[in-house]
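Notes for the one structure printed next.
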Amino acid sequence: MEMWEPMIQTARSNGVDTIETLKREYLQWLKDTSQEGLAGELKEAEGDIQGAIRLYVQNGFPNRAAALLIRMGANSNEDLVESVASALLRAELPEKAGALFENVGQTERALEAYIQGKAYRAAVELCRQIRPTKVVELEEVRRKSLTTVALPESI
């Protein structure tokens with residue numbers, strides 16, 4: 001990164017026509033050297049949010065993709081939301097998927113993901129808003145879960 005960034009800045013300040021070529025080569029070099037996280041950061045810095053999210057998802061950084069998607073407003077692209085949520089679920093991060101679903105207004109799917117991930121505190125809070133009649137049942141499931149396994153939320 002130290003080698004390419006100054007070159008790109010110098011080219012940009014001098015109006016060099018090959019700036020796009022330099023950026024493409026730098027992005028490819030990052031991918032070739034297994035620095036996909038930095039490649040995503042580069043896309044993000046350039047304002048290519050969708051490109052950054054796709055790179056993060058394709059290369060095993062679903063948490064980063066979800067955080068960026070939430071920060072930038074996830075409602076605009078349903079395909080990206082689905083892609084990131086699927087990656088989070090594959091990575092066994094259902095609580096993060098639930099937070100993403102909740103952020104985009106897909107509360108039923110958020111509730112399912114929270115319950116799947118045994119994130120009962122978040123599930124109960126959401127349930128109070130969307131299904132108040134199910135809160136008692138969900139709190140009972142949470143209580144049983146806490147008595148059988150010492151979870152961090154029981155501390």
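Residues that are surrounded by 15 or more Cβ atoms within 10 Å (Cβ to Cβ) and in a helix (DSSP H, G or I) within the stretch 93-108 comprise Pro94, Glu95, Lys96, Ala97, Gly98, Ala99, Leu100, Phe101, Glu102, Asn103, Thr107, listed in sequence order.
Take Ala45 and tell me if it is loosely packed, with under 14 Cβ neighbours inside 10 Å, within 25 Å of Lys23 (Cβ to Cβ) and hydrophobic (A, V, I, L, M, F, W, C). Judged against the criteria, Ala45 is a match. Right, Ala52: farther than 16 Å from Ala91 by Cβ and either touching a Ser or Thr at 6+ places or on another chain (Cβ under 9 Å) or not charged (D, E, K, R) (or both) or not? When the stated conditions are applied, Ala52 passes them. Say whether the condition of being in a helix (DSSP H, G or I), aliphatic (A, V, I, L, M) and more than 10 Å from the chain's Cα centre (by Cα) is met by at least one residue in the stretch 51-68. Yes - at least one qualifying residue is present in the stretch 51-68.
Within the stretch 14-24, identify whether any single residue is β-branched (Val, Ile, Thr) and within 28 Å of Leu93 (Cβ to Cβ), and answer yes or no. Looking for residues that are β-branched (Val, Ile, Thr) and within 28 Å of Leu93 (Cβ to Cβ), one finds none in the stretch 14-24, hence no. Could you look through the stretch 136-155, keep only residues that are at pLDDT 85 or above and farther than 16 Å from Glu102 by Cβ, and pick out the one that is nearest to the chain's Cα centre (by Cα)? Within the stretch 136-155, the match that is nearest to the chain's Cα centre (by Cα) is Arg142. Scanning the stretch 123-137 for residues that are in contact with a helix residue (DSSP H, G or I) (Cβ under 7 Å, 6 or more places away or on another chain) and either within 15 Å of Ala85 (Cβ to Cβ) or surrounded by fewer than 20 Cβ atoms within 10 Å (Cβ to Cβ) (or both) yields Val124, Arg128, Ile130, Lys134, Val135.
Total residues in the stretch 69-92 satisfying the condition of being farther than 17 Å from Arg109 by Cβ and either in a helix (DSSP H, G or I) or touching a residue at least 60 places away in the same chain (Cβ under 8 Å) (or both): the figure is 3.
Filtered by the rule that a residue be among the aliphatic types (A, V, I, L, M) and either under 18 Å from the mean Cα position of the chain (by Cα) or at pLDDT 90 or above (or both), the stretch 13-45 gives Leu38, Ala39, Leu42, Ala45.
Within the stretch 2-15, does at least one residue satisfy the condition of being farther than 24 Å from Lys96 by Cα and aromatic (Phe, Trp, Tyr)? Checking the stretch 2-15: at least one residue is farther than 24 Å from Lys96 by Cα and aromatic (Phe, Trp, Tyr).
The values are calculated or read from the model by the stated rules, or taken from the named source; none is laboratory data. Everything numeric here is computed off the predicted structure, so don't read it as measured data. Cβ sites come from the backbone with ideal geometry, for glycine too, and all protein chains shown count toward neighbours.
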